[in-house]
Each structure stands twice: as C-alpha cells, then as structure tokens.
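The values are calculated or read from the model by the stated rules, or taken from the named source; none is laboratory data. Everything numeric in this text was worked out from a predicted model, so none of it was measured. Note: ideal-geometry Cβ built from the backbone for every residue, glycine included; neighbour counts use all protein chains shown. These accessible areas exclude ligands, DNA and RNA; they are computed on the full protein's heavy atoms, side chains included. Shrake-Rupley method; radii C 1.70, N 1.55, O 1.52, S 1.80 Å.
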Amino acid sequence: MSDGEGAIRARLVELGASLFARGFSVGSAGNISVRLDDGYLITPTNSSLGRLDPARLARLDADFRHLAGDKPSKEVFMHRAFYRARPDAQAVVHLHSTMATAIACLADADPENPIPPLTPYFVMRIGARLPLIPYFRPGDPAMEPAIHAAALTARAVLLANHGPVVSAASLSDAVHAAEELEEAAKLALILRGTNTRALTPAQIADLLGTFG
Ligand code: 13P
C-alpha cells in the first residue's frame, strides 16, 4: 500500500466517524468510497461508519473487483454508476440521513427537484438539480442504470424511500456535499407549505459559473 493510500484510508475512517457522531448515519446505514490511482476503497457491507477499521476497508481494482479487505458494500454498483458517469468524481457518499430520506418518502416530491435550490451552498455543493430515482430495494443492481443515467447530468441523486447519494471531486467535498444536502432537506421541510423565495435562474447560473 502506498503512503498516499494509507492517508486516504485514515481520512475516510475519520470522516465516517464524524458523520456517525453527528447522527448523519445510524447503525450500519450508509457507505463511502474513494477513487485511487488504480482502483477504489469502499466501506465493508454491514459496517458502521462510526467504527471503521482502516486496514479492513474493501479494496477494489479499477474494474470494481474485490481485491482485499472485508466484503464490500452491497451497493458497490451505486458508487460505480457515479464513477463511470462522472470522470471528475473522486468520492461518493451514500447516507440514510433523516431529513433527506423524509423528502424521499413524500408522495408529491418533484422528481426533478425534490429539494428546491433555496440557498447558495446547496447549489454550490449539489448543483442546480437533484434527480429523484424511483424506488429499488437496497442492493438491487437494477438501480445502476437509473443512477448512471441521472449522474451524467447531476452530482447527486435522491433514492426514493431510501436516501441521498452524492459525488464530488474529493472525499472532503463529498462529505461536505452530503451534509449540505441534509441541511437543505431540513430547510425544505421546515418551509414546506410556506411562501418561500427560491433562488432565481440567474442567481443559480451565477453560482454555477463561479463555483460549478
Ligand atoms: P452496506 O452495509 O452493504 O454498505 O449497505 C448499507 C446501506 O446503506 C444500504 O442502503
């Protein structure tokens, strides 16, 4: 293992523990992956993000085959869909965070924008769109083409009745984006049914031009 990979393993464990400590994941929910020069690291299936062991993270080759470490997350295909659709993606974070998942359970959620772009940081971290993917059971590989198609034009998706998946250009950025998405979902729920002022298309275009 290279020195660089050791540092990435340590960072993934640290960020997983931080997400868990603050309630962004509970039990063994959620999974995190990182792209390496010659493959990927992903959290083991049924592991708690709060208690990861850097030496036991699942190591995958460039074709997502398991090389070493514990058995990978059953949602490897979810991460693969993002990496294949988005060459810029260096990390993917999937959570069952409460507020985003609540919105993913709303019968009248807008499939194109279930969480409206109310704040600049949502647009800067997630982008202008957050497609809602129809329901699939966790671990169902049939989800991959649906996520891949959406990820071609979106950095993150919301899985109906399940939770968010976000990608970003670094592990830290992916964790920041997952946190920002959860806060945006909380705002959307607090403001549900009120007369909100969404960002205008011009304000969104300005943010994407500056930070996109
Ligand atoms: P894994 O434990 O296999 O990663 O699955 C957890 C999860 O979040 C399922 O949606």
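If I ask for residues that are among the β-branched types (Val, Ile, Thr) and farther than 21 Å from residue 75 by Cβ, which ones from the range 116-136 would you list?
119, 123
Tell me, which residue of the range 173-211 that is of a type in the set (S, T, N, Q) and open to solvent by 80 Å² or more (accessible area, probe 1.4 Å) is modelled with the lowest pLDDT? For the range 173-211, the residue satisfying everything is 210. Kindly provide the set of residues from the range 100-119 that are open to solvent by 60 Å² or more (accessible area, probe 1.4 Å) and in contact (Cβ under 8 Å) with a residue 24 or more places away in the chain, ordered by number. Correct list: 105 only. Condition first: assigned to a strand (DSSP E or B), surrounded by 24 or more Cβ atoms within 10 Å (Cβ to Cβ) and in contact (Cβ under 8 Å) with a residue 24 or more places away in the chain. Can you find one or more residues in the range 131-151 that meet it? Checked the range 131-151: no residue is assigned to a strand (DSSP E or B), surrounded by 24 or more Cβ atoms within 10 Å (Cβ to Cβ) and in contact (Cβ under 8 Å) with a residue 24 or more places away in the chain. Taken over the range 5-45, the criterion of being over 17 Å from the mean Cα position of the chain (by Cα) and closer than 18 Å to residue 67 by Cα is satisfied by 5, 6, 8, 9, 36, 37, 38, 39.
Is it fair to say residue 127 is among the small types (Gly, Ala, Ser), more than 16 Å from the ligand (Cβ to nearest atom) and touching a Gly at 6+ places or on another chain (Cβ under 9 Å)? Steps first, answer last, please.
Numbers: among the small types (Gly, Ala, Ser): yes; more than 16 Å from the ligand (Cβ to nearest atom): yes; touching a Gly at 6+ places or on another chain (Cβ under 9 Å): yes.
For residue 127, the condition - among the small types (Gly, Ala, Ser), more than 16 Å from the ligand (Cβ to nearest atom) and touching a Gly at 6+ places or on another chain (Cβ under 9 Å) - is met.
Quick one: residue 92 ticks every box in (1) aliphatic (A, V, I, L, M); (2) assigned to a helix (DSSP H, G or I); (3) closer than 26 Å to residue 209 by Cα bar one, so which box is it? Condition (2) is where residue 92 drops out. Just wondering, is there one or more residues in the range 41-62 that are touching a Phe, Trp or Tyr at 6+ places or on another chain (Cβ under 7 Å) and β-branched (Val, Ile, Thr)? No, the conditions are met nowhere in the range 41-62.
Within the range 48-76, work out how many residues are in contact with a His (Cβ under 9 Å, 6 or more places away or on another chain) and among the hydrophobic types (A, V, I, L, M, F, W, C).
Filtering the range 48-76 down to residues in contact with a His (Cβ under 9 Å, 6 or more places away or on another chain) leaves 58-60, 64, 72-73, 75-76.
Then drop every residue that is not among the hydrophobic types (A, V, I, L, M, F, W, C), which leaves 58, 60, 64, 76.
Residues flagged as in contact with a His (Cβ under 9 Å, 6 or more places away or on another chain) and among the hydrophobic types (A, V, I, L, M, F, W, C) within the range 48-76 amount to 4.
Would you call residue 56 among the basic types (Lys, Arg) and in contact with an Asp or Glu (Cβ under 6 Å, 6 or more places away or on another chain)? Spelling it out, residue 56 is indeed among the basic types (Lys, Arg) and in contact with an Asp or Glu (Cβ under 6 Å, 6 or more places away or on another chain). Only one entry of 158, 189, 181 meets the criterion of being in contact with a helix residue (DSSP H, G or I) (Cβ under 8 Å, 6 or more places away or on another chain), within 16 Å of the ligand (Cβ to nearest atom) and either in contact (Cβ under 8 Å) with a residue 60 or more places away in the chain or in a helix (DSSP H, G or I) (or both), and that entry is 181. Just to be sure I understand, how many residues within the range 120-130 are touching a residue at least 40 places away in the same chain (Cβ under 8 Å) and part of a loop (DSSP other than H, G, I, E, B)? Within the range 120-130, residues that are touching a residue at least 40 places away in the same chain (Cβ under 8 Å) and part of a loop (DSSP other than H, G, I, E, B) number 3. Scanning the range 1-36 for residues that are more than 13 Å from residue 178 (Cβ to Cβ), in contact (Cβ under 8 Å) with a residue 60 or more places away in the chain and open to solvent by 20 Å² or more (accessible area, probe 1.4 Å) yields 8, 11, 26.
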